[in-house]
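The values are calculated or read from the model by the stated rules, or taken from the named source; none is laboratory data. Note that the structure is predicted; figures quoted are calculated from it, not measured. Please note: Cβ atoms are built from the backbone with ideal geometry, for glycine as well, and neighbour counts cover all protein chains shown.
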Ligand SMILES: Nc1ncnc2c1ncn2[C@@H]1O[C@H](COP(=O)(O)OP(=O)(O)OP(=O)(O)O)[C@@H](O)[C@H]1O
Ligand SMILES: [Mg+2]
C-alpha cells in the first residue's frame with residue numbers, strides 16, 4: 001500500500017504522515033515513511049527527535065557538497081539517508097539534492113518514483129509530499145494507492161484541497177482530512193467548498209500542538225487525545241486490522 005499526503009503549506013501534512021505511519025506500524029505492519037519535503041521535518045513528527053532529523057538533513061547536504069558518496073541504488077538510499085523511528089518505522093529523506101546529476105539515483109530521484117520502487121510485499125509506504133499542488137499534479141496512476149488530502153477550515157487551504165482532490169482522484173483513491181476542526185461552523189465552511197463527500201474529521205488538539213512545541217511525536221504524548229485518536233482510527237482503516245504478533 002502506498003499513501004501520499006498532500007495539501008497546502010502548514011495544514012498538518014507532516015503531523016498526519018508521522019502519526020499515521022506510527023499507528024500503522026503499531027498494528028504490526030512494516031512501514032517506510034518518506035519525507036519528500038524540501039525542509040524535511042517528518043522525523044520530528046515520527047518521534048526520531050530533532051537532532052537525528054537534523055543529521056539526516058546534514059547527510060543529504062554533505063552529498064550535495066561533495067563530501068559524501070552518492071547512493072547508487074534505492075536500497076542504498078533507504079540505508080544511507082534513513083533512520084529508525086519508534087515502532088519499527090524506517091524514515092527516509094527523499095527530497096532532491098541541490099545538484100542534479102541525471103545519471104545518479106540519489107540526485108535524480110523523484111520522491112514519487114521512489115515510492116513506486118520501494119513498494120513490495122506488504123510494506124506500507126507513506127510519503128509526506130511538498131506543500132501545494134505541484135507534486136499532486138505530477139502523480140501518475142500507480143504512484144500512490146491512496147492520497148490523503150489535508151485541509152484546515154480556511155478558504156485558502158480549502159481551495160488547494162478542492163483542486164488537489166480533482167487532480168488526485170484521476171489516479172488514486174482520495175481521502176479528505178478535515179484537520180483542526182473546532183466546531184460545527186468549521187465543518188460547515190468545509191462542506192460549503194467540498195460538498196457532501198466524506199470528511200475524516202481531525203479535531204483541533206492541544207496534544208498535537210504540545211508535541212510540536214516539544215519536538216516529539218503526538219502519538220507518544222497521548223495516543224488517546226482526540227486528534228491523535230482520529231488519525232489512529234484512519235490508520236486502521238488504511239492498513240486493516242492489527243497483525244497478530
Ligand atoms: N489537529 C491539530 N490540532 C492542533 N494543532 C495542529 C493540528 N494539526 C496540525 N497542527 C499544528 O499545525 C502546525 C503545522 O502542522 P504540520 O507541520 O504537520 O503541517 P505541514 O502541512 O506539514 O506544514 P508544511 O507545509 O510547512 O510542511 C504544527 O504546529 C502542528 O502542531
Ligand atoms: Mg510538513
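Some notes on this structure:
- Residue, modelled with the lowest pLDDT, within the range 30-40, restricted to residues that are within 9 Å of ligand 2 (Cβ to nearest atom) and either farther than 19 Å from residue 83 by Cβ or surrounded by fewer than 24 Cβ atoms within 10 Å (Cβ to Cβ) (or both): 39
- Considering residues of the range 1-21 that are farther than 15 Å from residue 205 by Cβ and crowded, with 24+ Cβ neighbours inside 10 Å only, the residue farthest from the chain's Cα centre (by Cα): 7
- At least 2 residues being within 16 Å of ligand 1 (Cβ to nearest atom) and within 29 Å of residue 237 (Cβ to Cβ) is the threshold, and among the strands (runs of 3 or more DSSP E) wholly inside the range 1-114 those reaching it are 2-7, 31-35, 90-93.
- Cβ pairs under 9 Å, 6+ apart, first in the range 9-29 and at pLDDT below 95, second within 16 Å of ligand 1 (Cβ to nearest atom): 27/235
- Matching residues, the range 84-98, being at pLDDT 80 or above, crowded, with 18+ Cβ neighbours inside 10 Å and over 16 Å from residue 127 (Cβ atoms): 87
- Against the list (1) surrounded by 21 or more Cβ atoms within 10 Å (Cβ to Cβ); (2) over 13 Å from residue 150 (Cβ atoms); (3) touching a strand residue (DSSP E or B) at 6+ places or on another chain (Cβ under 6 Å); (4) in contact (Cβ under 8 Å) with a residue 60 or more places away in the chain, the condition residue 43 fails is (4).
- Complete set of residues in the range 115-154 that are more than 16 Å from ligand 1 (Cβ to nearest atom), in contact with a helix residue (DSSP H, G or I) (Cβ under 8 Å, 6 or more places away or on another chain) and in a helix (DSSP H, G or I): 117, 118, 137, 138
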